[in-house]
Amino acid sequence: MDDYFHWKGYLAVMNEESLFIQSPYIHEDIIVYGPDSDSTTMAIAGIQYMHSKGHLIESIHLSDSIDARTVFLATGADSMAHNADLKFEDVAWDLLGGEEATLVVAKCNAQSYDFKAPTDVEIIDTGFFKDMNEAWRLEQEVHHVSQGAYVSTSQYLEGAVARLSLTSQKVGDRMIWPPRQLDENGLRISKESHMLLPEAQVESWTKLSAAGAPSEFSLRAPILGGIQTLLVRFTQGPRGVFLVTDDLEYSPKIGDTVHFAVRRIYAQEGMIRYGLKAIPKR
Amino acid sequence: MLVHLGHVMVDVAVIGAGQTKFGNHQLGLKAMWAEAAENAFSSVDKDFEPRQVDEAFIGSVAFGGAQLGNTAALLTEHSGLDGIPVRRVENACASSGFALRDAWMAIKSGQADLVVAGGIEKMNDLSPERKRFWLGVSGDTEWERLAGLTFPGTYALMARRHFHEHDSSHDDLVHISVKNHMHGFENEDAHIRKQVSYEKAESGFMVADPLTLYDCCPTSDGASCVILAADHVARQFTEDPVWIQSSGAASDRLALHDRPSVTQLIATQKASKSAYSAAGLTANDIDLAEVHDCFTIAELMATEDLGFAEQGQGGVFAREGQGVRNEGSVCINPSGGLKSKGHPLGATGTGQAVEVFKQLRGTVEGARQVRDAETALTHNVGGSGATCAVHIFGRERNG
């Protein structure tokens, strides 16, 4: 047993003030991202872990492969890519990506550490791995647009903070999520300012066949054998519907506890849309 | 001709109703609508000309994106309804249920004497790739669809939760499927005229766990049309009108997860309560009901929400065959419902009214006739329950 622990569907290990985080999937002896992960989702998981341990990460260096806007919306951590006012020397944290699906979150002046390899890894099927990568590649082409109803970029961004961070509205003791506009008195409900605890219970679930999946998932659903969705109720009251991280083969039961991680949802017009997915609590 | 009656409320009669066969049509939009209108016009017992119509309301969702603007004008000009006010009514699968309500209100208000309400949808003229156009367009696209849900999935969530909370199971849904296919088997206008055995319905291909193919309505083309008349002109057209005794409607949160209950449709409860109250009736007075069974679980829940069964007892109601024609306490979906008759979204609501018109006048194919039918109800739901229109029809005028 090593010192690795599971965090947001990844394997992580802490050393002093540095966090090493990696995908649990191996393909041909290389650590690879799972079917709905990338460097952005792993960066968010890393920053969220550091936040959970009391490290305040307000500014961070990010590599070009990471979607700085999504990191900012999900964690509040600003980056030079996102904020032109940041100066290089003022940024306190580095996020260093490896050639494989690994990341290190560390202070800029941190010394280097060696992290030994984890043992709790999973070999990913070659056919599945290649098919999913190809599906994502096609989905990210600029001309790829879902059919029928369409969530525009502005509509996606309007709900992105709530979608990525569970920021909710609060009226009295009642938490409201996803956000709403006016109340029964015609008054605007105060802006989202409270974070829902990221834990919920499964109230129902389904697995939709590939043929019936929304067009956003039309390339990946056949590879996955369908799309699984959970209806959950958060501990603080609101309900929501979520996909499952890594498109796991998971047999849910009503009453199961889940928590959440940011993952890729789909891509449209060259832009990956991110959101929270449910992780069965281990 | 408009007749202003001041504060006196007008009663509204259905004097004619017709539809196309529901199914895969070779006909285009204009021809399909014209056929439904022609069937409705020819069903009027006495002389009728479309030029007498004051206004028209046409329900439709989207025509697969083919003609999104001015659809009502496009259709009505091909059915002799030139020059009058027309509009498209869109409330997802309840579009023409609400077109019917709008037509009813136009007469009730005294602004019109003779009004057409209809609906149409052409869903099968898209390529296999483009057919995804229809999936999830009427749910909460931002939050539900991006969690992988289209309506089979949403109703599957309701079903599993209903099984968890109440005395119900997938076996009860199988009973509903078998019944509706039995009812629709002899309906000449039905999309799927095929009896289905319990064993076959039980073992269908899984569409959205726990719902199988036999729990889901087909994707249909079709058009339907009804002609409404104010009481003071109805007898010019027929001595045998069917009266709309009341209309109730309501809405609810669009997304399932935003509603207080996922095993009840509050919009159905509110709409039916309003309709029963206005008609001075209860569920016990209804002889037959065309309910919105886009999925079998939707019928199970509707029997509860409409008051035919106690809350939580819809499974028992189905299991005991309470909705079987001329055997149960009330005939549920004598046409075969959406499951067998078909579901051309915008045409479904007024299609239900066509069935009720024929049943109450005793003009359906012999074996399908509900005996001694005096009072009927239609229940048309938009999406997974965001909108609902309920109408009560009778051989007698209200009150």
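Rule-based calculations on the coordinates, nothing more; no lab input. As the structure is a prediction and not an experimental result, all values here were calculated from the model. For neighbour counting, all protein chains shown are included, and Cβ atoms are generated from backbone atoms with ideal geometry for every residue, glycine included.
Charge tally for A:ALA110 (other residues, Cβ to Cβ under 9 Å; Lys, Arg +1; Asp, Glu -1): -2. Taking every DSSP beta bridge that has both ends in the protein assembly as shown, the antiparallel portion is near 80%. Here is the list for region B:205-237: chymotrypsin sites (Phe, Trp or Tyr not before Pro) lying in DSSP coil, each with at most 10 other C-beta atoms within 10 angstrom of its C-beta, are B:PHE205.
Toward the positive end of the charge dipole of region B:260-335, with +1 on the Cβ of Lys and Arg and -1 on the Cβ of Asp and Glu, the farthest Cα among B:ILE332, B:ALA318, B:ALA283 is that of B:ALA283. On the beta carbon distance between B:GLU239 and A:MET195, with R0 = 60 Å, the FRET formula returns roughly 0.30.
Work from the charge dipole of the protein assembly as shown (Cβ charges, +1 for Lys and Arg, -1 for Asp and Glu, about the Cα centre) and give the residue of A:ALA149, B:ALA201, B:ASN398 farthest towards its positive end. About the Cα centre, the residue reaching furthest to the positive side is B:ASN398. For chain B, the share of DSSP beta bridges that are antiparallel, to the nearest 5, is 70%.
Can you compute the FRET efficiency between B:GLU310 and A:GLU141 using 1/(1 + (r/R0)^6), with r the Cβ-Cβ distance and R0 = 41 Å? Round to the nearest 0.05.
Using R0 = 41 Å, I get an efficiency of 0.15.
Spacing of the modelled spin labels on A:GLU99 and B:ASN70, each 7 Å from Cα toward Cβ, amounts to 6.3 nm.
A cut-off under 10 angstrom between Cβ atoms defines the neighbours of B:LEU338, and their net charge, with Lys, Arg +1 and Asp, Glu -1, is -1.
What number, rounded to the nearest 500 deg cm²/dmol, is the helix-based mean residue ellipticity at 222 nm of chain A, given -39500 (n - 2.57) per DSSP H run of at least four residues and division by all its residues?
Calculated at 222 nm, the ellipticity per residue is -5000 deg cm²/dmol.
Taking every DSSP helix (H) stretch of at least 4 residues in chain B, weighting each as -39,500 (n - 2.57) and dividing the sum by the residue count yields a mean residue ellipticity at 222 nm of -9000 deg cm²/dmol.
Computed extension length for A:ILE254-A:ARG180: 23.9 nm, one decimal, from 0.36 nm per residue of separation with the Cα-Cα distance subtracted.
Please say if chain A is rounded, prolate or oblate, where rounded means a/c under 1.5 for a ≥ b ≥ c the square roots of the C-alpha gyration tensor eigenvalues, and otherwise the choice is prolate for a/b larger than b/c and oblate otherwise? Verdict is rounded for chain A.
Placing unit charges on the Cβ atoms only, positive for Lys and Arg and negative for Asp and Glu, gives chain B a dipole magnitude near 500 debye about its Cα centre. Between the Cα long axis of helix B:266-279 and the first principal axis of chain B there is an angle of about 40°, rounded to the nearest 10. Among the trypsin sites (Lys or Arg not before Pro) in region A:47-143, those located in a DSSP loop and surrounded by at most 16 other Cβ atoms within 10 Å of their own Cβ are A:LYS53, A:LYS87, A:LYS116. Going by neighbour counts of Cβ atoms within 10 Å, the residues A:TYR10, A:TYR250 line up, fewest first, as A:TYR250, A:TYR10. Note on B:LYS273, A:LYS207: ascending count of other Cβ atoms within 10 Å places them as B:LYS273, A:LYS207, the fewest first. Principal axis extents of the C-alpha atoms in region B:197-300 (largest first, rounded to whole Å): 53, 34, 27. Only Cα pairs under 8 Å and 6+ residues apart enter the sum, and on that basis the relative contact order of region A:5-124 stands at 31 percent. Helix B:296-305: angle to the longest alpha-carbon principal axis of chain B, degrees 0 to 90, nearest 10? Helix B:296-305 sits roughly 70 degrees off the main axis of chain B.
Modelled spin-label separation between A:SER154 and A:ASP85, with each label point placed 7 Å from Cα along the Cα-to-Cβ direction: 2.5 nm.
Here region B:328-372 is assigned +1 on the Cβ of each Lys and Arg and -1 on the Cβ of each Asp and Glu. Its dipole about the Cα centre then comes out at about 40 debye. Classify region A:103-194 as rounded, prolate or oblate, taking a ≥ b ≥ c as the square roots of the eigenvalues of its Cα gyration tensor: rounded when a/c is under 1.5, otherwise prolate if a/b is larger than b/c and oblate if not. Oblate, since a/c reaches 1.5 and b/c is not below a/b. What separates the Cα centres of region A:169-236 and region B:330-399 is a distance of 35 Å. Between B:VAL61 and B:GLY346, the built amide H atoms are under 5 Å apart, and every one of these is 5 or more places off in sequence or on another chain. Let a ≥ b ≥ c be the square roots of the eigenvalues of the Cα gyration tensor of region A:153-280; is it rounded (a/c under 1.5), or, if not, prolate (a/b larger than b/c) or oblate? Verdict is oblate for region A:153-280. Any chance you could give the angle, 0 to 90 degrees and rounded to 10, that helix B:348-361 forms with the longest Cα principal axis of chain B? Tilt of helix B:348-361: around 70 degrees.
Between the DSSP loop rule and a limit of at most 14 other Cβ atoms within 10 Å, which GluC sites (Glu not before Pro) in region B:268-319 are left? Listed in order of number, the matching sites are B:GLU310.
Bridges between two residues of region A:153-280, per DSSP, are antiparallel at a rate of about 95%.
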